[in-house]
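Below is one structure; the comments refer to it alone.
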Amino acid sequence: MSRVFENLPIMEQVPVLPTLTFENHLTIYGSERKVELHCFGGGHTASDAFLYLPQEKIAFMGDIATENLHLPIHNPDDFLTILEKLNEFEIEKVVPGHGEIGTLEICEILHDYLLMLVSRAKDAHRNRISLEDFVSSFEIPTEYKQWRGVNGIKTNLVNVYTFYLEK
């Protein structure tokens, strides 16, 4: 976003603010198909939405689904709920925010990752392990060691640990 702001003065087209918003669901009917926008809360950000083409059974997930990426987590409980609700849709193809087009398996892998983080954070709280000790002693499971991310898994460990500290 900082680069967008830096370049605003020289941009030929000025970004336009949305004139249409929605809370949970919006269906747009076109001449050949309909598209659905869904928002089940905020997992990655405070409000995550995805676009679904029901006829084609394709979901454009943005950062709700990523491939091999330690994406920042805003609310782990909502994130898990969002990923679980995807099973209510007939989805054959998932277009992630980062990664290759795939199937719901992308979301299942992310769901497992989140469950692992949540479980470990709750265990740390139960065992009265400090945040610093939790993060410094955490051993990244093999299946997540090669994942990318600006700050890697450590930021997510802090975010998830802190999220459950407040509960």
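The values are calculated or read from the model by the stated rules, or taken from the named source; none is laboratory data. Bear in mind that the values here come from a model prediction, so they are computed numbers and not experimental data. Neighbour counts are summed over all protein chains in view; Cβ atoms, including those assigned to glycine, are modelled from backbone coordinates with ideal geometry. These accessible areas exclude ligands, DNA and RNA; they are computed on the full protein's heavy atoms, side chains included. Shrake-Rupley method; radii C 1.70, N 1.55, O 1.52, S 1.80 Å.
Would the range 47-56 turn up any residue that is open to solvent by 90 Å² or more (accessible area, probe 1.4 Å), out of contact with any helix residue (DSSP H, G or I) (no Cβ under 9 Å at 6 or more places or on another chain) and not in a loop (DSSP other than H, G, I, E, B)?
Narrowing the range 47-56 to residues open to solvent by 90 Å² or more (accessible area, probe 1.4 Å): 55.
After this cut, where a residue has to be out of contact with any helix residue (DSSP H, G or I) (no Cβ under 9 Å at 6 or more places or on another chain) as well, the list is 55.
Next, only the ones that are not in a loop (DSSP other than H, G, I, E, B) stay: none.
No: zero hits.
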Query - Count of the range 125-141 residues which are without any contact (Cβ under 8 Å) to a residue 40 or more places away in the chain and assigned to a helix (DSSP H, G or I) - result: 8
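Determine, yes or no, whether ASN151 is touching a residue at least 24 places away in the same chain (Cβ under 8 Å) and polar (S, T, N, Q).
Values: touching a residue at least 24 places away in the same chain (Cβ under 8 Å): yes; polar (S, T, N, Q): yes.
Yes.
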Requested in this report: Taking only the range 64-77 into account, find how many residues are open to solvent by less than 50 Å² (accessible area, probe 1.4 Å) and either of a type outside the set (Val, Ile, Thr) or touching an Asp or Glu at 6+ places or on another chain (Cβ under 6 Å) (or both).
Outcome: 7
Requested in this report: Go through the range 142-162 and give me each residue that's part of a helix (DSSP H, G or I) and either open to solvent by 30 Å² or more (accessible area, probe 1.4 Å) or over 13 Å from ARG120 (Cα atoms) (or both).
Outcome: THR142, GLU143, TYR144, GLY152, LYS154, THR155, VAL158, ASN159, THR162
